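The values are calculated or read from the model by the stated rules, or taken from the named source; none is laboratory data. Note that the structure is a prediction, hence the values are computed from the model and not measured. Neighbour counts are summed over all protein chains in view; Cβ atoms, including those assigned to glycine, are modelled from backbone coordinates with ideal geometry. Please note that ligands, DNA and RNA were not included when accessible areas were found on the heavy atoms of the full protein model with its side chains. Shrake-Rupley method; radii C 1.70, N 1.55, O 1.52, S 1.80 Å.
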Amino acid sequence: MKVSILDDYHDTLRTLEAFRKLAGHEVTVWNDHVQDTEPLAQRLKDAEALVLIRERTKIRAPLLERLPKLKLISQRSVFPHIDVDACTRLGVVLCSNQSFSMPSYATAELTWGMIIASMRDIPLQMASLKAGKWQAGVGSTLRGKTLGIFGYGKIGAVVAGYGKAFGMKVMVLAREASQAKARADGHAVAASKAGFFEECDVVTLHLRLIDATRGIVTAQDLARMKPTALIVNTSRAPLIEPGALVSALRAGRPGKAAIDVYEEEPLRDTAHPLLNMPNVVCTPHLGYVTREDHEIAFAEIFDQINAYVAGKPTNVVNPQVLASARTNLRE
């Protein structure tokens, strides 16, 4: 198949062992980010299979309608950036594995690194040292404080374990089934959402972005946090009500934030408020971006392409499209 890969910023995928799975296909890799329909349609006009790196590019109907040769989109994880109805209408198969056998340890590790960096003001201390000064204020320890895990899935459970190792009290806010697992793992469960935000010294978000979780962290929730507290988001920006985080930080509750995800990515606006607050640690969506995580993820993504070619597609989101003439696997 003619395969196009979007948004491989550092041209990393060619260097993976998993890339060998695409041997025999005609592969084009794009290293820049383009979102406008016209240039994307020109780039992808001959593509039969499209590989997406998470949610970096939105694939909507106006673009899909300009890609008559496209038969397959292969990616991993959730797909709020893809118009599934348009894919189905146009006969494009969407394959995306959402049942991971293991958590993203890379995301859990980055979360913990950001917690330590924020609580000890590491970026601020580095800037002070580079400016020819010495210590720039006094940080805070984690031991004895309360770590709040909002969402107790695979990643949340790993982060909770790190908190326990650091001598923190772990409190979980999650759906009922996840709360039961948290109790079984020896963690406290929040009696209420309000109490969770009031009591926790560190709140870290580990929820999937779906309609039910969009804006689930409100301005009122943030206003309940301690002025010494930290909120961490390595999941998805829209989990927090639009505009609420910047306003809350300016109001002093919570006192700090550590952010890896943004409403618009890649974030190019150097005037963005979060990038210009001394009480915020920002990273450019690095959660899953490690070589080890890429090997796992793209082995699955490339396997989905080969399974489609073999006439046995896997992880199909819209199976009804398989019967359409356009995607007849015998073509």
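Residue by residue, here is whether (1) in contact with a strand residue (DSSP E or B) (Cβ under 7 Å, 6 or more places away or on another chain); (2) farther than 27 Å from residue 58 by Cα holds:
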residue: 233; (1), (2): yes, no
residue: 240; (1), (2): yes, no
residue: 246; (1), (2): no, no
residue: 249; (1), (2): yes, yes
residue: 254; (1), (2): yes, yes
residue: 261; (1), (2): yes, no
residue: 265; (1), (2): no, no
residue: 273; (1), (2): no, no
residue: 279; (1), (2): yes, yes
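Of the residues making up region 199-222, none is surrounded by fewer than 16 Cβ atoms within 10 Å (Cβ to Cβ), modelled with pLDDT of 95 or more and in contact with a Gly (Cβ under 6 Å, 6 or more places away or on another chain). Taking every residue in region 121-137 that is farther than 20 Å from residue 230 by Cα and pairing it with any residue that is open to solvent by 60 Å² or more (accessible area, probe 1.4 Å) and modelled with pLDDT of 95 or more, at least 6 positions away or on another chain, the pairs with Cβ-Cβ distances below 8 Å are 128/134; 128/135.
The listed residues are 67, 40, and the only one of them that is modelled with pLDDT of 95 or more, out of contact with any strand residue (DSSP E or B) (no Cβ under 7 Å at 6 or more places or on another chain) and part of a loop (DSSP other than H, G, I, E, B) turns out to be 67. Note on region 244-293: among residues that are basic (Lys, Arg) and within 23 Å of residue 229 (Cβ to Cβ), the one that is most open to solvent (accessible area, probe 1.4 Å) is 250. Scan region 79-96 for residues that are within 22 Å of residue 237 (Cα to Cα) and in contact with a strand residue (DSSP E or B) (Cβ under 8 Å, 6 or more places away or on another chain) and report the count. Looking only at that region, the number is 6.
Is it fair to say residue 194 is of a type in the set (A, V, I, L, M, F, W, C), in contact with an Asp or Glu (Cβ under 9 Å, 6 or more places away or on another chain) and exposed (fewer than 14 other Cβ atoms within 10 Å of the Cβ)? Yes: the conditions hold for residue 194. Can you tell me how many residues in region 290-310 are touching a helix residue (DSSP H, G or I) at 6+ places or on another chain (Cβ under 6 Å) and part of a helix (DSSP H, G or I)? So the count comes out to 5. Candidates are the residues of region 138-147 that are touching a residue at least 12 places away in the same chain (Cβ under 8 Å) and under 19 Å from residue 280 (Cα atoms); the one that is surrounded by the fewest Cβ atoms within 10 Å (Cβ to Cβ) is 141. Kindly establish whether residue 74 is under 20 Å from the mean Cα position of the chain (by Cα), part of a loop (DSSP other than H, G, I, E, B) and on the phi < 0 side of the Ramachandran plot. So residue 74 fails the test. Take the residues of region 311-320 that are assigned to a loop (DSSP other than H, G, I, E, B) and not small (Gly, Ala, Ser): which is surrounded by the fewest Cβ atoms within 10 Å (Cβ to Cβ)? Of everything passing the filter in region 311-320, 312 is surrounded by the fewest Cβ atoms within 10 Å (Cβ to Cβ).
Taking residues in region 160-186 that are within 19 Å of residue 213 (Cβ to Cβ), and partners anywhere that are surrounded by fewer than 16 Cβ atoms within 10 Å (Cβ to Cβ) and of a type in the set (Asp, Glu), the pairs with Cβ atoms closer than 8 Å and at least 6 places apart or on different chains are 160/185. Within region 246-268, the set of residues being assigned to a loop (DSSP other than H, G, I, E, B) and among the hydrophobic types (A, V, I, L, M, F, W, C) comprises 261, 267.
On the stretch given as region 35-76, residues that are within 23 Å of residue 235 (Cα to Cα) and open to solvent by 10 Å² or more (accessible area, probe 1.4 Å) total 7. Scanning region 294-310 for residues that are open to solvent by less than 50 Å² (accessible area, probe 1.4 Å) and of a type in the set (A, V, I, L, M, F, W, C) gives 297, 298, 299, 301, 302, 305, 307.
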